[in-house]
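One structure below.
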Amino acid sequence: PAVTSPCKILKCNSEFWAATSGSHHLGAEEAPEFCTALRAYAHCTRRTARTCRGDLAYHSAVHGIDDLMVQHNCSKDGPTSQPRLRTLPPGDSQERSDSPEICHYEKSFHKHSAAPNYTHCGLFGDPHLRTFTDTFQTCKVQGAWPLIDNNYLNVQVTNTPVLPGSSATATSKLTIIFKSFQECVDQKVYQAEMDELPAAFVDGSKNGGDKHGANSLKITEKVSGQHIEIQAKYIGTTIVVRQVGRYLTFAVRMPEEVVNAVEDRDSQGLYLCLRGCPLNQQIDFQTIRSAQATEGRARRKGPSLPAPPEAFTYETATAKCREKLPVEDLYFQSCVFDLLTTGDVNFMLAAYYAFEDVKMLHSNKDKLHLYERTRDLTPGNMAPTGTHPTLWVALLCLCWLCLL
């Protein structure tokens, strides 16, 4: 069954900004119409207040309404009927071609030093996490978890069960908060949910607001309802969010300096992209993969759980994953794992797009593929950790030559 959110703040946001796009750039004669739409917006948020108490986008919208009421001298009492719909003017009227240098990370922070070292983090599927240190984990992490939390932005994901009673989860909601930064950008909140991948922030804007360097933060829609990209040039960061099937994937490219910009170092323990999932939330991927190969289906450690769907056997799952992922790395293994635990072919596409995002965002092209560690081999097949199989064969041949 589809998982739906009772909080309807995205609907309130989209109705308000669809009705008023461009009106804050018009003359004073439009103020009554704008205030009418603003009151309707406030009324909509009040209707959904009870179910949105813990929603960051909701609280951002409420504060934004209060600010707009003051700016436009709007009375809280009056008509709330929606005004006529407006069409967006051509181009982004808030773009600035003369953004200050401080709003371009590479120009400002590294003018007289080496280029920054970029890192990558990604989350996809049931869910699989690649951290900024290239550690690959499969996790449970049901509910809301912070992916990134530093001085510049906060990213939180919510993972929900894929099937009733199963420990298989996937990302159903994503919230990104870009914090206000000098003369570059105002605070902006982006939120996506299943079947709702907006191409704008929750306030309807597509850039950093009214500050001089607003265009250093920008949203671009790559594929409608399926793929958006956020460029935050003032912190040298690129974020890719996709909806694949019913669920969301997340990928980011971020300078190491920004990754580690945390005032309270102790709080980094909750920062999944940096520290990974807690041990009690990690899944023994290789043990389960072995069970998949021998039993034809996945079994998770712990109490007895409902049997996973039988839509795929181990053989048919591996064959399906090879169609998009010919290299049998951890992205391929994740694909097999997810097909067996969910029976949903869209998880194969999630693994494929996650790897496509790695190819675009990872700065070290030699580290695109990740493989299982050789320490997990049985003693009779043990190879030295980090030794390439070809080199191991060459060493054995050399030993035979020495004996001859």
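The values are calculated or read from the model by the stated rules, or taken from the named source; none is laboratory data. Worth saying up front: this structure is predicted, and the values here are computed from it rather than measured. Don't worry about glycine lacking a Cβ; one is built from the backbone with ideal geometry, like all the others, and counts go over all protein chains shown. In case anyone asks, the SASA skips ligands and DNA or RNA and just uses the protein heavy atoms, side chains included. Shrake-Rupley method; radii C 1.70, N 1.55, O 1.52, S 1.80 Å.
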> Give me the Kirkwood hydrodynamic radius of region 118-201 in Å, from all C-alpha pairs, to one decimal place?
Replying inline: 14.1 Å
>> What number comes out for accessible area per residue over region 169-225 if the probe is 1.4 Å? Units Å², please.
In response: 34 Å²
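Given R₀ = 30 Å, FRET efficiency for GLU196-GLU372 by Cβ-Cβ distance, to 0.05?
For GLU196 and GLU372, the calculated efficiency is 0.25.
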> For the pair GLN281 and MET360, how long in nm is the line joining their label points, each one 7 Å along Cα→Cβ?
Replying inline: 2.6 nm
> Leaving out same-chain residues fewer than 8 places away, which lysines sit with a Cα under 21 Å from that of LYS367?
Replying inline: LYS324, LYS359
>> To make sure I understand the rule: partners must be lysines, Cα under 28 Å from the Cα of LYS11, and not fewer than 8 residues away in the same chain. Which ones qualify?
In response: LYS76, LYS173, LYS179, LYS188, LYS206, LYS211, LYS218, LYS222
> Along region 140-148, what does the Karplus equation 6.51 cos²θ - 1.76 cosθ + 1.60 (θ = phi - 60°) give for ³J(HN,Hα), rounded to whole Hz, x for Gly and Pro?
Replying inline: 8, 5, 6, x, 8, 9, x, 8, 9
>> Give me the one-decimal nm value for the distance between modelled label points at GLN231 and ALA319, 7 Å along each residue's Cα-to-Cβ direction.
In response: 4.4 nm
> Got a number for carbon plus sulfur as a percent of region 101-276's accessible area, 1.4 Å probe?
Replying inline: 45 percent
>> Suppose R0 equals 41 Å. What FRET efficiency, 1/(1 + (r/R0)^6) with r the Cβ-Cβ distance, do GLU256 and ASP66 give to the nearest 0.05?
In response: 0.60
> Which net charge results when you count Lys and Arg as +1 and Asp and Glu as -1 among the other residues whose beta-carbon is under 9 Å from that of LEU368?
Replying inline: +1
> Between the DSSP loop rule and a limit of at most 16 other Cβ atoms within 10 Å, which GluC sites (Glu not before Pro) in region 145-253 are left?
Replying inline: GLU183
> What is the local net charge at ILE239, summed over the other residues whose Cβ is closer than 13 Å to its Cβ (Lys, Arg +1; Asp, Glu -1)?
Replying inline: +4
>> Which of the three applies to region 101-276, rounded, prolate or oblate, going by the alpha-carbon gyration tensor with a ≥ b ≥ c and a/c under 1.5 meaning rounded?
In response: oblate
> Under a 1.4 angstrom probe, counting protein chains only, how are GLU106, GLU315 ranked by accessible area, largest first?
Replying inline: GLU315, GLU106
> When the chain is fully extended, how far beyond the present Cα-Cα distance does VAL345 get from ASN117, taking 0.36 nm per residue of separation?
Replying inline: 78.5 nm
> Can you give the accessible area per residue of region 115-166, in Å², using a 1.4 Å probe?
Replying inline: 29 Å²
